[in-house]
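S.K.: The following block contains the structure, expressed as structure tokens.
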Amino acid sequence: MEYTNIQKIEDVILKTLNSALNNGLVKEWLSLSEAAKYIGVSYNTFIKFRHMGLKVCEIDGIKRVSRKEIDSFLESHSF
């Protein structure tokens with residue numbers, strides 16, 4: 001019974017997050033400053049992460065990084 005309740009809660013959370021993403025309440029692509037705030041580091045530290053291999057998209061001088069890329073980068077450097 002408790003497992004079913006946990007599943008229901010997970011479903012509600014996933015639906016809410018997907019809705020927020022689809023409605024533009026949560027941005028997938030962040031500026032470098034926004035990305036630094038997203039993970040709680042300084043801008044300079046974030047630039048160091050970029051030099052360590054964090055992928056950034058640049059189009060016509062505008063740099064953006066996806067939340068998925070940031071999360072993946074952090075996971076790959078976890079111990």
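None of the figures in this text is laboratory data; all of them are computed from the coordinates on show. Being a predicted model, the structure only gives us computed values, none of them experimental. Don't worry about glycine lacking a Cβ; one is built from the backbone with ideal geometry, like all the others, and counts go over all protein chains shown.
The rows are residues; the columns are (1) surrounded by 11 or more Cβ atoms within 10 Å (Cβ to Cβ); (2) of a type in the set (Gly, Ala, Ser).
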site	(1), (2)
THR4	no, no
ILE13	no, no
THR16	yes, no
ALA20	yes, yes
VAL26	yes, no
TRP29	yes, no
ASN44	no, no
PHE49	yes, no
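S.K.: Then there's this: What do you reckon, is GLU34 within 17 Å of LYS63 (Cβ to Cβ), in contact (Cβ under 8 Å) with a residue 40 or more places away in the chain and either surrounded by 10 or more Cβ atoms within 10 Å (Cβ to Cβ) or under 16 Å from the mean Cα position of the chain (by Cα) (or both)?
M.R.: For GLU34, the condition - within 17 Å of LYS63 (Cβ to Cβ), in contact (Cβ under 8 Å) with a residue 40 or more places away in the chain and either surrounded by 10 or more Cβ atoms within 10 Å (Cβ to Cβ) or under 16 Å from the mean Cα position of the chain (by Cα) (or both) - is not met.
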